[in-house]
Each structure stands twice: as structure tokens, then as C-alpha cells.
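Presented below is the structure to which this report refers.
Here, each number is a calculation from the coordinates, and none is a lab measurement. Bear in mind that the values here come from a model prediction, so they are computed numbers and not experimental data. No Cβ is skipped: glycine too gets one built from the backbone with ideal geometry, and neighbour counts run over all protein chains shown.
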Amino acid sequence: MIACVDGRNGMAFHNRRQSQDRLARWDILKEAGRAPLWVNAVTARQFTDGQQSRLRIDEAFLDRAGSGEFCFVEDRSVKPYETRIEQVILYRWNRAYPADLYWDLPLDGWTLERREEFPGYSHKIITKEVYVP
């Protein structure tokens, strides 16, 4: 499960993603590697035409994704899928935006496998955290 969150774990405000960053999108595709990256149509629009072939687009993407596949979620709760999540990758914007939808999966009991910082396109620093159960 992949998500972009702000400093307070906010994901969206008024049904719109808080932010996007083209270098984060590139890194998301790199993390997925050859595995499918499941998204909904709204999320797919932020990827370039050349990146679209890497995506599996379906409004029920969280239900359709299989073992070893990735989901990039921006506009819905992930808590109902807790038992199916094999890994969590959070891209943190390191600032706070207004939000009314938050990352809702507690990571208590998960292990932070790695943390990296890299410069983004629209954000000075993006922190990537990878958690495993």
C-alpha cells in the first residue's frame, strides 16, 4: 500500500489530493518495479502518458490487487484492507496541509524497514518510509 501524507498524516481535502510531486510518482513506479501498480482513474490522471502502461486502473483497485502487487491510494480509507496489506510505503511531504481524509492504518507493530529522503519537484524534501508487518 502506497500513500502520500502530510506531517499530520493528511491525504486529501474536499475530495482532492493534498499535493502531488512528479519525482515522487517516478519513485513510486520504481518501488513497484515490474509488479502491477493499482490505482483509480483520479489517481491515474497524474501519471504521464508514458507511465500509464505501468498502471492497472480500476475503481475497485483495493479489492482487485493481489499478493505482491501495489496500490497507490489517495482518496479513501485503507483500514478495511488491513489484513491484506503486505507492506506500507508512505511518502511524507514534511509540511501540514488542510485535510479531511487521513491515513487511518495504525503502524503499531509494523517495522520501519527503511527511511530515505530525496528532493522532490514541488517539495524541498520528501521522506519515504517503508514498513513491513
Within segment 101-119, which residues are in contact with a Pro (Cβ under 9 Å, 6 or more places away or on another chain) and either touching a residue at least 60 places away in the same chain (Cβ under 8 Å) or over 24 Å from Asp75 (Cβ atoms) (or both)?
-> Gly109, Thr111
If Pro98 satisfies every condition in (1) touching a residue at least 24 places away in the same chain (Cβ under 8 Å); (2) more than 18 Å from Asp21 (Cα to Cα); (3) surrounded by fewer than 12 Cβ atoms within 10 Å (Cβ to Cβ); (4) not aromatic (Phe, Trp, Tyr) but one, which is the exception?
-> (2)
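Within segment 21-30, which residues are in contact (Cβ under 8 Å) with a residue 60 or more places away in the chain and closer than 19 Å to Arg56 by Cα?
Correct list: Arg22, Ala24, Asp27, Ile28.
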Those residues of segment 79-98 which are over 24 Å from Glu117 (Cα atoms) and not charged (D, E, K, R), in sequence order = Pro80, Tyr81, Thr83
